[in-house]
Amino acid sequence: MSNVLVINSSLRREGANSTALTENFLARWRQHHPDDQIQQRDMASQPIPHLDEAMVGAFFTPEDQRSVEQQTLVARSDALVQELKESDVLVLGVPMYNFGIPSTLKAWIDHIARAGLTFRYTEQGPEGLLKGKKAYVLAARGGQYQGTAADTQTAYLKDVLAFIGITDVQFIYAEGLNMGDDQFARGFSRAEQQLDALAI
């Protein structure tokens, strides 16, 4: 039995294409892994605050020297890190906003990319500490960007996940979703084919 952590990063509570893609993935996953524990975190209904000076200061203050306020700030991040550590599979539902990932997802990344907890610096360079996990990125885009220079999401997410030790990453793309009804249908159909081909 595995623990699956799902992060839906759309700003929309309802009707998000990336969330629909995630739900299609989870329907297939449940068929193959009915006993798995699935935990979902929705950024629209459970927003995570972006880092600010107070949070960064709390992170870099030794644990035994933190004020009560700093302990509260760090506790939220610690909980997110623990949630990720306990997962075996990470699923990211990712829309494209202005050629990048949503700031909601960036906020989550900033809270879980913690020196000494999910990565460490060594004489040979940084080492990710969350090895052995599998990640799926379910990317929904209004236009068609896969394989082009405008697709900044793929390289960034590969890099940041590898930085914390997650190197087994698979991308599923639904593209052209804002280019008319026919293209919308084709985009989701191609994504469905990719989902059907997954070895899960």
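Quick look at the numbers
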quantity	calculated
Coil-residue trypsin sites (Lys or Arg not before Pro) of segment 92-200, DSSP, other Cβ within 10 Å capped at 14	K131
Helix axis angle, 103-112 relative to the chain longest principal axis, alpha carbon, degrees	40
Folded to 0 to 90 degrees: helix 17-32 orientation relative to the chain principal axis, Cα	90
Debye equation applied to the C-alpha atoms of segment 46-200, log10 I(q)/I(0) at 0.11, 0.15, 0.17, 0.20 Å⁻¹	-0.52, -0.88, -1.05, -1.29
Ellipticity estimate at 222 nm from DSSP helix runs (n ≥ 4, -39,500 (n - 2.57)) divided over the chain, nearest 500	-13000 deg cm²/dmol
With at most 16 other Cβ atoms within 10 Å, longest stretch of the chain clear of loop GluC sites (Glu not before Pro) (DSSP)	124-200
Label point distance in nm, Q37-S103, each placed 7 Å from Cα along Cα→Cβ	3.4
Local net charge near A185, Cβ-Cβ under 13 Å (Lys/Arg +1, Asp/Glu -1)	-2
Estimated inter-spin distance, E63 and K158, nm [label 7 Å along Cα→Cβ]	3.6
Rounded tilt (10° steps) of 152-163 against the dominant C-alpha axis of the chain	40
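Throughout, read-outs are computed from the coordinates displayed, never taken from laboratory work. Worth saying up front: this structure is predicted, and the values here are computed from it rather than measured. Note that each Cβ is placed from the backbone with ideal geometry, even for glycine, and that neighbours are counted across all protein chains shown.
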